[in-house]
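Peer 1: Sharing a structure below in structure tokens format, with a few things to ask.
Just so it is clear, none of the values below were taken in a lab; they were calculated from the coordinates. Only a predicted model underlies this, so the values are computations on that prediction, with no experimental measurement involved. Note: ideal-geometry Cβ built from the backbone for every residue, glycine included; neighbour counts use all protein chains shown.
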Amino acid sequence: MENQKRVLELSEKHGKENVVVVLGASEAESAGLAAETVTAGDPTYAGPLAGVSLGLGVYHIFELKDEVDADVYDEQCGMMEMVLDIDAIGAEVKSIRDQYSKF
Amino acid sequence: MTTPVVKGAAYVLVHTPDMVMHYGTTCSVEHEVNPNSDFLKKVPEHLRTFEEAVKYAPNQVYIGNMLPNDLHGIEKPWYNNLIDDAKAEGKQGEIVSQDEFYIAMKLSDAFDLVMLEKDFIANTKGKLEIKPYYSEVELKKIGEGYEIADIEEKVSKGAEPLLVKDKLVGCVKAAHERDKNLSAHVMVENIVSKASGVIALKNLIFKNDISADSIEYVIECSEEACGDMNQRGGGNFAKAIAETAGATGATGSDTRGFCAAPAHALVNAAALVKSGVYKSVAIVAGGATAKLGMNGRDHVQKGMPILEDCLGTFAVLVTENDGVSPILRTDIVGRHTVGTGSSPQAVMESIITMPLDKNGLKITDIDKYSVEMQNPEITVPAGAGDVPLANYKMIAALGVKRGDIERTAMQDFIENHGMPGFAPTQGHIPSGIPFVGAAKEMLESGEIDKAMIVGKGSLFLGRMTNLFDGVSIVMERNTGKVEEAGTVSKEEIKGMVAETIKEFAAFLLDGK
């Protein structure tokens, strides 16, 4: 809920086109839920983004591997890359992004 | 200097189905927000009987009648494949029924706040009389009880009800008219925590044939807070539990750290014994009513029994080296520091690999890792995944990154160095500590040589910091050698010599 509030405030302050949300969720389902929240709106209708379609750009950190310094990525994500189902997570977030992201 | 050992461990579950409905936060919040909800209507038909809770395999593992890996031999879902000949009496503890527990609450009630009905006491008292650890003096304290009309009147004025199958049998009164920290609800939580902790400590004392007054210090490590409006969380559960359990030679204090608190307490206890401050330190934590039925909504939705129907509690005794019990390696301690960072990798390195590196050990040198041992049958249906398995995958991945194991060997590592989760999701209970008893058994039988006990905690829940926390300590098979008082061991001399050589080398290199 607090994160939803933070995302809403940042997008209002800087403009929706200037905000990209980077997720770190460990499962495809929860990553998809978070991606949907910052694009189409909170599907659980529980937080500040309920009914608010921000349409922000949203990526999972695993999708941004090539954009990050290799050493930093390895230090921060190398272990989890081996542990989690990165293909399923990436596919889920991409599917939401393709449907609802406007920027 | 002595070496601290795990002299005994006790694990107790208290089956409290009526408390799920009235004191678990999931149900109690629903009562406030949506009192006529379908979920609340369905809860009673999803509650298990005492017998079903006893026959549930993960509960049998918790009280020491089975080892964690025995769960591999039982078909899932475990709640549909009960163990017919299971007993409430465990090798390392027991499963206590709700009615018996209400009387135990009365025995832990120092301020006459618990009222129980006359007939209920008369019909239930026998369950305590056959327990070997209740003395006649204690049993006399139960008293005759009250008329139901008196209890009904107190409940109508704000006392919290104690129910058996939804029938009123007692209540807990507020300890102050206005003080929120002494309200009836808080007093229920605290008396439950104390009373269940007392049962664990009594089991520890009785099952390990320890003299109660030999315990010199008690560290309590639950997640509750006792105190009044001027000192919320002032404590001291530890001393209160020690008093009721008959540990007359003990003082104590409370240690807090969310789920990581028991692991912190274990390290602290080991240090107190190692330093010689105390010879015998017990760590103990009672159960949490708030977490009963925490994932109940998902369990009901999926047509399962509500598996969070038991309070979880434990006690562990750390003493001077007896030459038999597993050693607590105070030199192999991991800790997540303020500066560690919060990425999963940084967290796992600080708790798992840094202490191993310091001691020249590989990830594979630890035979069993006791991580967050939540029963996956509780967490998976609620979308939280298999928590122990996720931890084992992370440790295996760290092993690959460090070159300790091949990537293709990750699955084997997980199977050999991990185990299925079996602990109730009682907050402070699942993290590391539930395996200490089983580890003791396996280390003493020679099945394993080293086990790492890992505690992890989510501090953000208290809204004081966003930091994560964690601490670990290694348990090792006893060599059988006992240090003589006042002497210095060979290892200590080696350590001192090595330290001096290191310092000298650094001096030469720095040219200072």
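Peer 1: Take each of the peptides B:463-470, B:105-112, average the number of other beta-carbon atoms within 10 Å over its residues, and list them starting from the highest.
Peer 2: B:105-112, B:463-470
Peer 1: Same structure, new question: Equivalent-ellipsoid semi-axes (√(5λ), Cα gyration tensor) for segment B:35-133, whole Å, largest first?
Peer 2: 29, 22, 11
Peer 1: Any lysines with Cα under 17 Å of the A:Lys102 Cα? List them, leaving off those in the same chain fewer than 8 positions away.
Peer 2: Correct list for A:Lys102: A:Lys16, A:Lys94.
Peer 1: Here is a follow-up. Return the long-range amide H neighbours of B:Gly8 (sequence gap of 5 or more, or a different chain), with a cut-off of under 5 Å between placed amide H atoms.
Peer 2: When sequence neighbours closer than 5 places are left aside, the close amide H contacts are B:Leu317.
Peer 1: Next up: Can you sort B:His176, B:His264 so the residue with the fewest Cβ neighbours within 10 Å comes first?
Peer 2: B:His176, B:His264
Peer 1: Treat each spin label as a single point 7 Å out from the Cα along the C-beta direction, and report the A:Val20 to B:Thr337 distance in nm.
Peer 2: Distance between label points: 3.4 nm.
Peer 1: On alpha-carbon atoms, Rg over Rh for the protein assembly as shown using Kirkwood Rh?
Peer 2: Looking at the protein assembly as shown, the ratio lands at 0.99.
Peer 1: Evaluate peptide B:346-355: per residue, the Cβ atoms of other protein chains within 10 Å of its Cβ; return the mean as an integer.
Peer 2: Going residue by residue through B:346-355 and averaging, the value is 1.
Peer 1: Sticking with the crude label model, points 7 Å out along Cα→Cβ, report the distance from B:Phe460 to B:Glu152 in nm, one decimal please.
Peer 2: In this crude spin-label approximation the distance works out to 4.9 nm.
Peer 1: Just the C-alpha atoms of chain B: what Rg/Rh do they give, with Rh taken as the Kirkwood radius?
Peer 2: 0.98
Peer 1: Express the Stokes-Einstein translational diffusion coefficient of chain A in µm² s⁻¹, to the nearest whole number, given a Kirkwood radius over alpha-carbon pairs, 10 °C and a viscosity of 1.306 mPa s.
Peer 2: Estimated diffusion coefficient is 114 µm²/s.
Peer 1: Additional query: Normalized C-alpha radius of gyration of segment B:378-469, against 2.2 N^0.38 Å?
Peer 2: It is 1.24.
Peer 1: Further, regarding this structure: Considering segment B:327-496, what Rg and Dmax in Å follow from its alpha-carbon atoms?
Peer 2: Reported Rg and Dmax, both Å: 16.8, 55.
Peer 1: Oh, and also: Using Cα positions and a limit of under 17 Å, work out the lysines in reach of B:Lys7, with same-chain residues fewer than 8 apart set aside.
Peer 2: Correct list for B:Lys7: B:Lys91, B:Lys202, B:Lys207, B:Lys274, B:Lys279, B:Lys440, B:Lys450, B:Lys481.
Peer 1: Another question, if that's okay. With a ≥ b ≥ c the root eigenvalues of the C-alpha gyration tensor of segment A:23-77, is it rounded (a/c under 1.5), prolate (a/b larger than b/c) or oblate?
Peer 2: Note, shape of segment A:23-77 comes out prolate.
Peer 1: Shifting gears a bit: Return one quarter of the surface area of the convex hull spanned by the alpha-carbon atoms of segment B:250-292, equal to its mean projected area, in nm².
Peer 2: One quarter of the hull surface, i.e. the mean projection, equals 3.4 nm².
Peer 1: Could you check how many percent of all C-alpha pairs in segment B:150-294 are farther apart than 28 Å?
Peer 2: 26
Peer 1: At a threshold of 8 angstrom on Cα-Cα distance, excluding pairs fewer than six apart, so keeping six or more, what relative contact order does chain B reach in percent?
Peer 2: 20
Peer 1: What's the average, rounded to a whole number, of partner chain beta-carbon atoms within 10 Å of each residue's beta-carbon in B:396-405?
Peer 2: Mean inter-chain Cβ contacts per residue within 10 Å come to 2.
Peer 1: Still on this structure, I have one more. Counting only DSSP beta bridges with both residues in the protein assembly as shown, what percent are antiparallel, rounded to the nearest 5?
Peer 2: Given both bridge residues lie in the protein assembly as shown, the antiparallel proportion sits at roughly 65 percent.
Peer 1: Place a label point 7 angstrom from the Cα of B:Asn123 along the Cα-to-Cβ direction, then list the residues of segment B:76-98 whose backbone nitrogen is under 15 Å away.
Peer 2: B:98
Peer 1: Which number do you get for Rg(Cα) / (2.2 N^0.38 Å) in segment B:80-183?
Peer 2: With N residues counted in segment B:80-183, Rg over 2.2 N^0.38 Å equals 1.23.
Peer 1: Provide the FRET efficiency to the nearest 0.05 for the B:Met229-B:Leu139 pair, computing r from the beta carbons and using R0 = 30 Å.
Peer 2: Taking R0 as 30 Å, the efficiency between B:Met229 and B:Leu139 is 0.30.
Peer 1: Would you kindly derive the ³J(HN,Hα) couplings of segment B:84-89 from the backbone phi angles with the Karplus curve 6.51 cos²θ - 1.76 cosθ + 1.60 (θ = phi - 60°), listing them in order in whole Hz, with x for Gly and Pro?
Peer 2: 4, 9, 5, 10, 6, 7
Peer 1: Run the reach check for B:Lys131 against aspartates and glutamates, Cα to Cα strictly under 12 Å, same-chain hits fewer than 8 apart removed. What comes back?
Peer 2: B:Glu89, B:Glu94, B:Glu100
Peer 1: Residue by residue through A:16-29, how many Cβ atoms from other chains fall within 10 Å of the Cβ on average?
Peer 2: 1
Peer 1: For a quick protection proxy, order the peptides B:304-310, B:247-253, B:356-362 by their average other-Cβ count within 10 Å, most packed first.
Peer 2: My ranking of the peptides, most packed first, is B:304-310, B:247-253, B:356-362.
Peer 1: Of the listed peptides B:40-47, B:371-378, B:93-100, what is their order by residue-averaged count of other C-beta atoms within 10 Å, with the highest listed first?
Peer 2: In decreasing order of mean packing, B:40-47, B:371-378, B:93-100 become B:371-378, B:93-100, B:40-47.
Peer 1: Summing Lys, Arg as +1 and Asp, Glu as -1, what charge do residues with Cβ under 13 Å from the Cβ of B:Gly8 carry, B:Gly8 excluded?
Peer 2: Net charge around B:Gly8: +1.
Peer 1: I've got another one for you. Mean separation of Cα pairs under 8 Å and 6+ residues apart, divided by the residue count of segment B:211-323: what relative contact order is that in percent?
Peer 2: With pairs under 8 Å counted, the relative contact order is 28 percent.
Peer 1: What's the exposure ranking of B:Asp85, B:Asp365, A:Asp87, going from fewest to most Cβ atoms within 10 Å?
Peer 2: B:Asp85, A:Asp87, B:Asp365
Peer 1: Now for a different question. Taking the Cα centroid of segment A:64-81 and of segment B:199-255, what is the distance between the two, rounded to the nearest whole Å?
Peer 2: So the two Cα centres are separated by 47 Å.
Peer 1: Assuming 1.306 mPa s and 10 °C, estimate D for segment B:128-170 with Stokes-Einstein, Rh taken as the Kirkwood radius over Cα pairs, in µm²/s.
Peer 2: Rounded to a whole number, D works out at 129 µm²/s.
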